[in-house]
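This report concerns only the one structure given below.
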Amino acid sequence: MEQANIELIPSNHEVKIIDRREIYLTGVKKITSFDHEEFLLETTMGILLLKGSGLEILKLDTHDGNVRIKGKINSYQYLENGKEKSKEDSFIAKLFK
């Protein structure tokens, strides 16, 4: 995965997916890393992991914090503290508290 660290000026956060072929994001503060299968973005609402295939940036507006990405969108997920948090980990952690 390519390290990017592209700093953007944030706004309100919005996610719009069109036919799983294109995603439009607002409120993006930073693009941390990206490649053709995965984007890791810091948004005003937390860290967002976007997965798919053939992903590439169509538009990058650093002034408003808007990003448009095309490719096949498979999933997007907000991460806890920058790491994926599984239900199993949560359950086990609760047992040993």
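Since every read-out is calculated from the coordinates, none of them should be taken as a lab result. Here the structure is a predicted model, which is why all the values come from computation and not from measurement. FYI the Cβ positions are ideal-geometry reconstructions off the backbone, even for glycines, and counts take in every protein chain you see.
Modelled spin labels at SER53 and ASN12, positioned 7 Å past Cα toward Cβ, are 3.6 nm from each other.
Among SER53, SER75, SER33, which comes first, then next, by fewest other beta-carbon atoms within 10 Å?
Details: SER53 11, SER75 8, SER33 14.
Going from least to most buried by this count: SER75, SER53, SER33.
Modelled this way, with points 7 Å down the Cα-to-C-beta line, the labels at TYR76 and SER33 are 2.0 nm from one another. Residues ARG21, ARG68, arranged from fewest to most other Cβ atoms within 10 angstrom of their Cβ, appear as ARG21, ARG68.
In terms of surrounding Cβ atoms within a 10 Å radius of their Cβ, GLU37, GLU42, GLU80 rank from fewest to most as GLU80, GLU37, GLU42.
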